[in-house]
Structure formats: structure tokens, C-alpha cells
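The values are calculated or read from the model by the stated rules, or taken from the named source; none is laboratory data. Everything numeric here is computed off the predicted structure, so don't read it as measured data. Methodologically, a virtual Cβ is constructed for each residue, glycine included, from the backbone with ideal geometry; neighbour enumeration extends over all protein chains shown. SASA here: full protein model, heavy atoms, side chains in, ligands and nucleic acids out. Shrake-Rupley method; radii C 1.70, N 1.55, O 1.52, S 1.80 Å.
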Amino acid sequence: MASPYIAILNGPNLNLLGRRQPEIYGTCTLDGIIERLRAAFPGVNFTHACHQGEGALIEAIHEAGFDSDCRGIVLNAGAYTHTSLAIADAIAAVPAPVVEVHLSNIFAREEIRHRSLIAAVCAGSISGFGPRSYELAVRALL
Ligand code: DQA
């Protein structure tokens with residue numbers, strides 16, 4: 001993409017939003033979240049992707065993160081948040097700021113979700129506001 005943009009990157013199982021554990025993640029689909037962003041920020045360009053695999057997500061972080069047109073990355077790494085040193089290394093490697101987002105409040109859930117391996121290398125973290133987590137993350141990058 002030639003003009004400045006914000007990349008919205010999602011990890012495994014987030015393609016299932018809308019039908020995945022709606023009592024935790026709500027009923028808004030991933031496409032719905034992107035539509036909400038476009039409506040809330042009409043002057044902002046977005047790219048978006050959802051990757052099931054760690055390697056593909058890392059490649060997407062590299063691509064956007066080293067692109068001088070990319071103003072920042074909003075990243076919901078899904079369960080990789082809690083397990084992936086490789087994703088943390090990718091975030092640390094790129095110059096673009098990365099904001100960690102979660103729909104659910106990870107600190108109010110099972111203990112294993114309380115730890116984020118990526119938080120320390122992100123510009124900041126937003127957790128627990130459903131689709132609004134993404135909007136707050138975009139606002140933080142503007
Ligand atoms: C999530 C929280 C993670 O713990 C979980 O593995 C997800 C979604 C969230 O958006 O609340 O897949 O990142």
C-alpha cells in the first residue's frame with residue numbers, strides 16, 4: 001500500500017469470531033471489526049489479515065513492520081500471546097510500533113492467559129473491551 005496505513009494483524013482462531021465462544025468474544029465477526037474501524041476512522045487506511053500459523057504471522061509482522069508507509073500495527077496474536085517468544089522477537093525487530101489487543105480481559109481469565117510474552121516489546125496493550133479494543137489501539141497509533 002502506497003499511502004500511510006495501519007495494519008490490523010490477527011492470529012489463530014480469530015477468523016472464527018462471531019461463532020467462537022460468543023460468551024467470551026461476543027458476536028461481532030472479524031469483518032465486522034474491520035468495518036467498525038473504517039466507520040470510526042474514515043480518513044485512515046487499513047490493511048488486515050488473519051493468520052493461523054506462527055510463521056505466517058511473523059512474516060506479516062516483518063512485512064508491515066519494515067514498511068515505511070506503515071504507521072503501526074494492531075496485533076491480536078491470540079493464544080500465541082502467551083507462548084511465542086518468536087513473535088515477541090519479530091515485534092522487537094521491526095521499527096513500526098505494535099499495539100497488543102485482546103477482545104477479552106486476559107487478566108480475568110485462566111492463569112495461563114495472564115502472562116503475555118509480547119507485552120514488553122509492544123508500545124502498549126489493550127485488553128477487555130471487545131471490538132472497541134481495536135478502536136482504542138488505532139487511536140493510540142494516530
Ligand atoms: C484473545 C485472548 C487469548 O487468550 C486467546 O487465546 C485468543 C483471543 C482475545 O482477543 O481475547 O485467541 O487474544
Hydrodynamic radius of the chain per Kirkwood, over alpha carbon pairs, in Å: 14.8 Å
Rg over Rh, two decimals, segment 54-135 (C-alpha only, Kirkwood Rh): 0.96
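What accessible area per residue comes out for the chain, rounded to a whole number of Å², with a 1.4 Å probe?
In whole numbers, the chain has 48 Å² accessible per residue.
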Part-to-part distance (alpha-carbon centres) for segment 4-24 and segment 29-51, which is given in Å: 11 Å
The chain - percent relative contact order, Cα under 8 Å, separation 6 or more: 26 percent
Within the accessible area of segment 1-104 (1.4 Å probe), percent carbon and sulfur: 52 percent
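About the Cα centre of segment 8-59, how large is the charge dipole given +1 on each Lys and Arg Cβ and -1 on each Asp and Glu Cβ? Please answer in debye to the nearest 20.
160 debye
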All-pairs Cα distance distribution in segment 8-53, expressed in whole percent, bin size 10 Å: 26, 50, 22, 1
Debye, to nearest 20: dipole size of the chain, +1 on Lys, Arg Cβ, -1 on Asp, Glu Cβ: 420 debye
